[in-house]
Amino acid sequence: MSANLSDRDNNDSRVDRQMQAMGKRARKTARTMAGAEPGAKNAALFAIAEALISNRSAILSANARDMREGRDELDDALLERLELNEKRIEQMAEGLRQVAALADPIGGITDLNYRPSGIQVGRMRVPLGVIGIIYESRPNVTADAAALCLKSGNAAILRGGSEAAHSNQAIASCISRGLTDAGLPGDAVQVVETTDRAAVGALLRMPDYVDVIVPRGGKGLIEFVSKNAQMPVIKHLDGVCHVFIDEAADIEKAIAIAVNAKTQRYGTCNTMETLLVAEPIAKKVLEPLTQDLRQAGVELRGCERTRKLLGPSVKPANDSDWGEEYLAPILAVKIVDDMDEAIEHIETWGSHHTDAIVTENVTRARAFMRAVDSSSVMVNASTRFADGFEYGLGAEIGISTDKLHARGPVGLEGLTTLKYVVFGDGHVR
């Protein structure tokens, strides 16, 4: 046993040294990236996109190897996320081009005002520095994360899942080539090569080199990162999203929104998991809505009043259902007395991700928006709109339910911070 422990310690020490070396390179490169001109960053993005297309055969070959090795261990859903094809590679390239087309946030000065002393005080947007991103399954995240970090003037250390190791390295090669072709340091985006899990722990213990960590993956990964990271984390744990249908709702709108919020995609964090319906309108809404949901293959789990209205085909819901992120064709349904009870339910069981009200009453809509403490609150719209692209951010690194530093979909601006700048002309205090 002592020999095994010694081997493990030696391996962890080796991985620590590798990660420390990456961190040092990233910190050095971050200074260069902070001053990189928009034209150079955009040229790099276009060059990476071109490299992905011209090297698609190598990327597909690497991905095929990951798929072969993963078939015995991964379920169908994970394999679907892992798989690349010609279309997905083109989508990655197009995503890079779209990020290049976005306005560069770095260096902009806002809120510039003269003070009584005569100085001018404003705030300048600057990069965070070095961003570590830990993610699972989807190799397209490698390109997406690289694009957003690069455009926002940050250096990045990317640690993808071991199941996508070959795919990620093939994409990393294209990223490095694109950076150097544009005259930027290839170390601006580093993809961790080792599949050893010790690399994740080492990355989380590098506050001297990494300014913020972004975990993208399942709840287990995010909980581990949140617990062990020695630097700030941008994350959300659950997407327990609600739609509340108010008694003043337009029934046709309400049904369309609820169906879309649940069935447009089941496995996303902004999919509705609980439907709340005001009692005065419950019969008018739930009877036709239930038919649509059942046609889509959705299993319903309801409170006592819901089951009394819709019958025993609705399974009884318990406390675990109200706080569950199903990521599946399952929906919890509760009839509530009024909006106050709906808000209380959301605050008790929700995850502060995305919640919506359907109502034609403007006063109640505004009250709901003020009272619900979620990163996105919607009126008469599907929760599925909680997305960086739909919000006009171009792309997102993830969604944050934290209150500091970024909240909601995190795009380019969320990967930056502000510093005060002061202009004087020989002013002294």
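The values are calculated or read from the model by the stated rules, or taken from the named source; none is laboratory data. Just so it is clear, the structure is predicted and the values come from calculations on it, not from any experiment. Glycine gets a Cβ as well: all are built from the backbone with ideal geometry, and neighbour counts include every protein chain shown. When the accessible area is computed, the model is the full protein with side chains, heavy atoms only, and any ligands, DNA or RNA have been set aside. Shrake-Rupley method; radii C 1.70, N 1.55, O 1.52, S 1.80 Å.
Sort out which residues of segment 138-153 are open to solvent by less than 10 Å² (accessible area, probe 1.4 Å) and either within 16 Å of Gly178 (Cβ to Cβ) or small (Gly, Ala, Ser) (or both), and write them in order of number.
Thr142, Ala143, Ala145, Ala146, Ala147, Leu148, Cys149, Leu150, Lys151, Ser152, Gly153
Among the residues of segment 283-301, is any in a loop (DSSP other than H, G, I, E, B), open to solvent by 20 Å² or more (accessible area, probe 1.4 Å) and at pLDDT below 95? Before the answer, list the steps.
Step one: filter segment 283-301 for residues in a loop (DSSP other than H, G, I, E, B), giving 296-298.
Subset that is open to solvent by 20 Å² or more (accessible area, probe 1.4 Å): 296-297.
If we keep only those that are at pLDDT below 95 as well, we get none.
So far as segment 283-301 goes, no, none of its residues is in a loop (DSSP other than H, G, I, E, B), open to solvent by 20 Å² or more (accessible area, probe 1.4 Å) and at pLDDT below 95.
Among residues belonging to segment 95-123 that are of a type in the set (A, V, I, L, M, F, W, C) and under 25 Å from the mean Cα position of the chain (by Cα), point out the one that is farthest from Val428 (Cα to Cα).
Leu96
Since Pro312 meets every condition but one in (1) in a helix (DSSP H, G or I); (2) exposed (fewer than 14 other Cβ atoms within 10 Å of the Cβ), which condition does it not meet?
For Pro312, the exception is condition (1).
When residues of segment 102-125 are filtered for being in contact with a helix residue (DSSP H, G or I) (Cβ under 8 Å, 6 or more places away or on another chain) and either surrounded by fewer than 19 Cβ atoms within 10 Å (Cβ to Cβ) or not aliphatic (A, V, I, L, M) (or both), how many remain?
The total comes to 3.
With the requirement that a residue be in contact (Cβ under 8 Å) with a residue 60 or more places away in the chain and either outside any loop (DSSP other than H, G, I, E, B) or within 27 Å of Arg364 (Cβ to Cβ) (or both), what does segment 326-338 give you?
At the first step, the residues of segment 326-338 found to be in contact (Cβ under 8 Å) with a residue 60 or more places away in the chain are 326-329, 331, 334, 336, 338.
Scanning segment 326-338 gives Leu331, Lys334, Val336, Asp338.
Kindly indicate whether any position in segment 24-42 is in contact with an Asp or Glu (Cβ under 6 Å, 6 or more places away or on another chain) and within 30 Å of Ala202 (Cβ to Cβ).
Within segment 24-42, one or more residues are in contact with an Asp or Glu (Cβ under 6 Å, 6 or more places away or on another chain) and within 30 Å of Ala202 (Cβ to Cβ).
How many residues are open to solvent by less than 30 Å² (accessible area, probe 1.4 Å) and in contact (Cβ under 8 Å) with a residue 60 or more places away in the chain if we restrict to segment 170-200? Walk me through it before giving the result.
First pass over segment 170-200, keeping only residues open to solvent by less than 30 Å² (accessible area, probe 1.4 Å): 170-172, 174-175, 178-179, 182, 184, 186, 188-192, 198-200.
Now drop any that are not in contact (Cβ under 8 Å) with a residue 60 or more places away in the chain, which leaves 170-171, 174-175, 178-179, 182, 184, 188, 190, 192, 198-200.
So the answer is 14.
Determine if segment 62-79 includes at least one residue that is more than 16 Å from Gly161 (Cβ to Cβ), at pLDDT 95 or above and in contact with a Leu (Cβ under 8 Å, 6 or more places away or on another chain).
No - not one qualifying residue is present in segment 62-79.
State all residues of segment 221-232 that are open to solvent by less than 50 Å² (accessible area, probe 1.4 Å) and free of Cβ contacts under 8 Å to residues at least 24 places away in the same chain; if no residue qualifies, say none. Write out each step before concluding.
We begin by selecting, within segment 221-232, every residue open to solvent by less than 50 Å² (accessible area, probe 1.4 Å); these are 221-222, 225-226, 229, 231.
Matches in segment 221-232: Ile222, Ser226.
Say whether the condition of being on the phi > 0 side of the Ramachandran plot and of a type outside the set (Val, Ile, Thr) is met by at least one residue in segment 154-175.
Applying the first criterion (on the phi > 0 side of the Ramachandran plot) to segment 154-175 yields none.
Looking for residues that are on the phi > 0 side of the Ramachandran plot and of a type outside the set (Val, Ile, Thr), one finds none in segment 154-175, hence no.
Please determine, by comparing only the residues of segment 246-282 that are within 22 Å of Arg81 (Cα to Cα) and of a type in the set (Lys, Arg), which one is most open to solvent (accessible area, probe 1.4 Å).
Result: Arg265.
Give me the pairs: first residue in segment 345-371 and over 19 Å from Ile399 (Cα atoms) and among the small types (Gly, Ala, Ser), second residue outside any helix (DSSP H, G or I) and open to solvent by less than 30 Å² (accessible area, probe 1.4 Å), beta-carbon distance under 8 Å, and six or more apart or on different chains, which are they?
Ala365/Ile357; Ala365/Thr359
So Ala172 passes all but one of these: (1) at pLDDT 95 or above; (2) not in a helix (DSSP H, G or I). Which condition number does it fail?
Every condition holds for Ala172 apart from (2).
Kindly state which strands (runs of 3 or more DSSP E) lie completely within segment 339-429 and contain at least 1 residues that are modelled with pLDDT of 95 or more, open to solvent by 40 Å² or more (accessible area, probe 1.4 Å) and within 30 Å of Pro116 (Cα to Cα).
Qualifying strands (runs of 3 or more DSSP E): 416-423.
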